[in-house]
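The values are calculated or read from the model by the stated rules, or taken from the named source; none is laboratory data. Since the model is a prediction, treat every value here as computed from it, not as a measurement. Heavy atoms of the whole protein, side chains included, go into the accessibility calculation; ligands, DNA and RNA do not. Shrake-Rupley method; radii C 1.70, N 1.55, O 1.52, S 1.80 Å.
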Amino acid sequence: MTHAVAFHGKGTEYFRIWIVNVALTVMTLGIYSAWAKVRTQRYFYGNTYLAGHSFEYHAKAWRILLGRAIALVLLVGYTVSAILLPVTMGMWILLLAAALPWLVRSAIRFNARNTSWRNVRFNFQASFFEAFMAYVVWSVVAVSVFPLIPYARRIHDYFYVNHHSFGGRKFATDFSVGRTYLIYLYGFLAIVALLVAIIAAAFAIISAQTYLHDFLSHIPFPAITLDYPVLTAVALGLGGLFVATFVATMVTNLVIGNTTLEGGHSLASNASPWRVGWIVVSNTVLTLATLGLFYPFARIRLARYRMGRYALHAASDLDDFTSEALAQQSAIGQEIAGFFDLGFGL
Amino acid sequence: MVEGRYFYPNATHFVEARAEAGEGRVLRIADGAGAVLAEVPGKAVRATARLASLPRRFDLPDGARFDTPDNDGADALLRALGKTVSGRITDRLERAWPVVILSLVITLAAGYYLLVQAIPAASEWLARRTPPAVAHIMTEQTLMALDRFALGPTKLSAADQARATKLFQDVAAHSRGGQGAYRLVFRHDKPGGVGPNAFALPDGTIVMTDSLWPLVKDDSEIEGVFAHEMSHVDHAHGLQRIYAASLFPAILALVTGDVSNVSQMTAVLPGIIAQSAYSRSFETQADDDGAATLRRMGLKPSHMADLLERIEKSVCKKDHPCVKSWLGDHPDTDLRAARLRHEDIGPIDDHLNCWEPWKTGISLRCLGFTAN
Ligand SMILES: [Zn+2]
């Protein structure tokens, strides 16, 4: 039986939660941000339904606050020393390389163990060595040998999915690396097309303007001036965002579409990369144009489409899952990772 | 009596059930037929805080769970169990439109205050307290990097260097820091690099590139440039820029809380706009201070304007097409020149053109920010 995922969050409802969260965060000088995060996550998880039941987020705010405090201290230390003594950069890079596997692993694990569906929690179990291979060794390889980027991407995806479990049953994904290469090839071609389009547009505008200028220079008419550097930067930024979203959506479709859950269940993801790209780009424009006030509506809009394109092909009535016994996890790794903007999801 | 679902301990298996508070503040859960599924003292039950219309969850100590979409019923049940109803205040706040509007006002006011007052003030505070030793190390490192990529040993004759240094010392004597506060350094600029230019480094070192010298037609022109750079040193503008650039993302991350969820562009673009606004206000301040120094020396600031225009002409003739942008570090040359020519008479009362930002760029002065 196939169960589609559905997202029931509403823009105005989340807007009110968000704006109150931001105001309280500002008034408490950032301390409330941990509680704000928990409420936000609960709202999004709690409005995501699968087979008539919503997901749930269980993290405790004070744990997140602790992690955030540590992350802030590290961030300040890093920034100050990077500005004042660039020599220390090497030390920070080594420190990050050593801490990264631990950060990645605890961030993903914290999220998994604090997520439940129908009273059963998710879990994530990976060794430090596996995290080290996937996130340090393969990241370095991908950065130094560009053609291996899609290969490293597949290693990250395998690391993420294949160590997740639900009620003691493992998720597993498996697909040919050729398909990841194909997606990256599309992305590469799209970037080339984008650059060509921008150059062509700039050329067209400039020649049109020269023509207009020659033609109109005899009449008192304000010259049309365009801010080329800003226009080009905005076109590149938005175009790049579109391509990045496009590629990410195709990769997610590939990874999730090939994921199975022990017991004969399988997952599906069929979001249109064009549609997601459009939503993300227009969300960005609207958020900027409204000084950030569209942000909550943007998140709801994206979640509605994105979540609605996931599905589960279940082999049973899903009534026979039970949680593993789990130890309490610390949020510190997750929050440090979150603070430095290291996304490890799909 | 609250209708909901009872989940067996740590399992996805559930039955439709009802919950009520029994004798002695005990939570009793029974199925449709009335068979008791669980009976737990209220103290041992943990309930989730109310949030929008999400189902409410009661966690029992054995890992079982009761959940219900009936939020008011759940609140009543919690009270009957003698428990505090957590999250009720926040929930009320999130529902009341006046509170939402108040929050909006607070957020916008705080954002404005941070951008226009707090970040510049904090950067200035930090810049003033940065130890000279640190400023010196930074200068050495910046100069080393520049020497490697964009600059080389000067090719100016000893006579030219001596003359420039003499003019430099004259200006220094009339500047805020006095003669000991600044040091002039000559460098040859590699082709395609910084071009005819002068810039101030944090410890008072002022670098002049060789290609600037032949463009100077009158002594007071280069004296104006030195006075401008000395003002950058006096106000530690270089350090202020660095501090502002690191404070902005840190504060944004703290307030939004979720850096990873903010789309990259939405975070980057306001940062660039703010940086360019700070930088432009520094440049205007340096021009004004430079003009004041020239007047103290009995010279005319309009000479600086002449040199500015000549530099632009010489740079724009070459392979660089000269483009104007609102996001540049400096205000447009025509604007700076016009302002400097006004200053021949005396300090000008600020008459920035705030209503045509495409001409002046976005200036924080228009928003009430005054540099000091
Ligand atoms: Zn300057």
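At 1.4 Å probe size, with every protein chain present, just tell me what the per residue accessible area of chain B comes to in Å².
48
Give the Rg (one decimal place) followed by the Dmax (whole number) of the protein assembly as shown, computed from C-alpha coordinates and expressed in Å.
31.0, 106
Across 10 Å bins from the origin, how do the percents of Cα pairs in the stretch B:61-101 run, short distances first?
23, 42, 26, 7, 1
How much solvent-accessible surface does residue B:300 expose, in Å² to the nearest 10, with a 1.4 Å probe and all protein chains in place?
120
With every protein chain left in place and a probe of 1.4 Å, what is the accessible surface of residue B:15, to the nearest 10 Å²?
Residue B:15 has an accessible surface of roughly 40 Å² with all protein chains in place.
For a quick check of understanding: with a 1.4 angstrom probe and all protein chains in place, what accessible area in square angstrom does residue B:104 have, to the nearest ten?
Here the residue's solvent-accessible area equals roughly 40 Å².
Could you give the angle, 0 to 90 degrees to the nearest 10, between helix B:237-256's Cα long axis and the longest principal axis of the Cα atoms of chain B?
10
Please check: in the Gaussian network model of chain B (C-alpha springs, under 10 Å), which one of B:111, B:298, B:42 has the largest mean-square fluctuation.
In this elastic network of chain B, the residue with the biggest mean-square fluctuation among B:111, B:298, B:42 is B:42.
Let me understand chain B better: what is its radius of gyration from the alpha carbons, and its Dmax, in angstrom?
In Å, with Rg to one decimal and Dmax whole: 32.9, 106.
Out of B:16, B:94, B:140, any idea which swings most in a Gaussian network model of chain B, alpha carbons joined below 10 Å?
Of B:16, B:94, B:140, the Gaussian network model singles out B:16 as fluctuating most.
Compute accessible area for the stretch A:277-291 by itself and then with all protein chains, 1.4 Å probe, and report residues whose area falls by 10 Å² or more.
Going by heavy-atom accessible area, the residues of the stretch A:277-291 that drop by at least 10 Å² are A:284, A:287, A:288, A:291.
Which percent of the accessible area of chain B is formed by carbon and sulfur heavy atoms (probe 1.4 angstrom)?
60
So how much accessible surface do A and B hide from each other in total, probe 1.4 Å, in square angstrom to the nearest 100?
5300
Give the separation of the Cα centroids, the stretch A:123-146 to the stretch B:176-211, in Å.
Centre-to-centre distance over Cα atoms comes out at 46 Å.
Cα gyration tensor of the stretch A:1-113, axes a ≥ b ≥ c as square roots of the eigenvalues: rounded (a/c below 1.5), prolate (a/b > b/c) or oblate?
oblate
Considering the convex hull of the alpha carbon atoms of the stretch B:2-94, report its projected area averaged over all viewing directions, in nm², one decimal.
5.5
Near the amide H of residue B:17, under 5 Å away, which other amide H atoms are found, from residues 5 or more places off or on another chain, if H is placed in the peptide plane?
Residues meeting the criterion, in which the H sits 1.01 Å from N, are B:4, B:5, B:6.
Just to make sure I understand: if all protein chains stay in place, what is the order of B:124, B:20 by accessible area at 1.4 Å, largest first?
Largest to smallest exposure gives the sequence B:20, B:124.
Residue by residue, what Karplus-based ³J(HN,Hα) values in Hz, rounded to whole numbers, does the stretch A:291-301 have, using 6.51, -1.76 and 1.60 with θ = phi - 60° and x for Gly and Pro?
My calculation for the stretch A:291-301 gives 6, x, 5, 7, 3, x, 5, 4, 5, 5, 4 Hz in order.
Suppose a student asked you for the relative contact order of chain B, using Cα pairs under 8 Å spaced at least 6 residues apart; what percent would you report?
11
Please give the calculated 222 nm ellipticity per residue for chain B, where each DSSP H segment of at least 4 residues contributes -39500 (n - 2.57) and the sum is spread over every residue; nearest 500 deg cm²/dmol?
Calculated mean residue ellipticity at 222 nm is -16000 deg cm²/dmol.
Determine the per residue accessible area of the stretch A:126-212 with all protein chains present and a 1.4 angstrom probe, expressed in square angstrom.
Per-residue accessible area for the stretch A:126-212 comes out at 56 Å².
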